[in-house]
1. Which value, in nm² and rounded to one decimal, describes the direction-averaged projected area of the C-alpha convex hull of the chain?
2. List the lysines whose Cα lies under 20 Å from the Cα of Lys311, skipping any in the same chain that are fewer than 8 positions away.
3. Hey, if you put +1 on the Cβ of every Lys and Arg and -1 on every Asp and Glu Cβ in the chain, which of Pro200, Val63, Gly97 ends up farthest toward the positive end of that dipole?
4. Given labels modelled 7 Å from the Cα in the Cβ direction, how far is it in nm from Arg335 to Leu135?
5. Nearest 0.05, what FRET efficiency do Asp352 and Asn195 give at R0 = 30 Å with Cβ-Cβ as r?
6. Highest first, please rank the peptides 96-104, 263-271 by the mean number of other Cβ atoms sitting within 10 Å of their residues.
7. Mind ordering 63-71, 190-198 by average Cβ neighbours within 10 Å, highest first?
8. In nanometres, what is the gap between the two model label sites at Asp373 and Ile389, each 7 Å from Cα along Cα-to-Cβ?
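The values are calculated or read from the model by the stated rules, or taken from the named source; none is laboratory data. All values reported here derive from a predicted model rather than from experimental measurement. FYI the Cβ positions are ideal-geometry reconstructions off the backbone, even for glycines, and counts take in every protein chain you see. The protein model used for the area step is the full one, side chains on, heavy atoms only, and it has no ligands, DNA or RNA in it. Shrake-Rupley method; radii C 1.70, N 1.55, O 1.52, S 1.80 Å.
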Amino acid sequence: MVSRVIPVDPFDLVIFGATGDLARRKILPGLYRRFCDGQMPPEARIIGAARTEQDSAAWVEQVAEAIETFLPAEKRDPAGLKAFCERLRYVPIDATGTAGWDALRAEMREGMVQAFYFSVAPSLFGALAERLHNLNIARHDARIVVEKPFGRDLASARELNATLAAHFREQQIYRIDHYLGKETVQNLMAVRFGNTLFEPLWNAQYVDHVQITVAEEVGVGGRGAYYDKSGAMRDMVQNHLMQLLCLTAMEPPAHFEPNAVRDEKLKVIRALDPVAPEHIVRGQYKAGQHPSYLQDVENEDSLTESFIAMKLHIANWRWNGTPFYLRTGKRLKSRKSEIVVHFKKTPHSIFDADAGSRSNVLSIRLQPDEGIDLRVTIKEPGPGGMRLIDVPLDMSFADALGPEATDVPDAYERLIMDVIRGNQTLFMRGDEVEAAWGWTDPIIEAWTRRADQPVPYAPGSTGPEEAAILMHRDDRRWREI
Ligand code: NAP
């Protein structure tokens, strides 16, 4: 396969929080990969900013070390690293202070795309936005990139939106959800809207149900204090799972264009019915080889969930009667994220009674191995009568397109390049985020009111037994994780 990387326009990208975990693990290694791949033009410049007093040379050393640590050897190129590092500058700045801003302004060049990545705590977004605007550092067409969490409820999300809107227009604001940058998520749209095969079947008449799973093997780790105030609903469902749900369920947009896509996603959130308490299961992992959730967060009275499973209903013509089951949790059996569309059984089997009615299953895997497969029924080869088996019609990229096709940019790489290109399609709009909080808030408020107790589950399992029962009641089963 021939690489068709198109370089983006030359840019100045400022990373606030340049010494932090996210910058070191994802943003800088991602930018380096885009540079090595020829997507970043030679004139591009990356300016790191944080409070730490150091010069550019010291930061460059940290960046080189981060690239060595977080990228496997086969994705590194020593010559490329040297050339990449020549594009780096560092300016010490306290987001809430007055020093350093003149030095930052001096780094900004005319005629470059201007982007500011806020890889800092959300409490600093307002101070950064205000200074970039009031000190005339950001131009009228500058872009700002903001990280999750975008608020912790509707009120705080509105406040954050209002703070940013005081200094930047919506077209300048890029709210990152890295799930949207995954190759397969975009492939989901290609499969749905680039083929005639699927779209006519993509509705309640032919789809029995949809399962969306984001399972993690890890526990809350060092994020205990933050996570305990958040929980799976705020940390995963309101943003990542909701976005996957929207892309799966939305109507075809008129164009693959930012507002057309985001309008359709917003309609899905607005069509979500409130969820009945008996359609939600909340869990907390117990101790095993590792400490329990309660030990991890050092709060033995915590009522925060590390697992959630729920059954949702989208109240519109397309989906009336087709449930969407969402499930996410920590310390589960394996790390797996997928969207699985279970089509209805054939209405009548013309084969032996024991062959039964069959159903097709389309699975869109986000991790660990991105790919799409469709299970179809065929005759088992050979003699012995009409025996049926289900086989996967594998749409993995490597088989069809060659091994280079699997060497796709990481979600962060793609999304940062989209910021430079000025394409907001894969970023959340302010009203989408608010609508998602508007839907989750009453659920969380009800738990708080009732002091709802999460059920314990064994680490390394598929979650609490109650989650399996949620499915059994509907005569269905979760997919293996
Ligand atoms: P982190 O490791 O704590 O880093 C925070 C960064 O902000 C550091 O570079 C710190 O450097 C800088 N900083 C702190 N106070 C500052 C101030 N007053 N002025 C200027 N810079 C300041 O945090 P992180 O994990 O990188 O997370 C950054 C953001 O990304 C957060 O909003 C987080 O929720 C989000 N996020 C992170 C991840 C992840 O995997 N890490 C994933 C998703 C979202 P100095 O101390 O030198 O100032």
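1. Values: hull surface 101.1 nm².
Mean orientational projected area (the chain, Cα hull): 25.3 nm².
2. Reachable lysines: Lys265, Lys267, Lys330, Lys336, Lys344.
3. With unit charges placed on the Cβ atoms, the residue in question is Pro200.
4. So the two model labels end up 3.8 nm from each other.
5. Computed FRET efficiency for Asp352 and Asn195: 0.40.
6. 263-271, 96-104
7. 63-71, 190-198
8. 1.3
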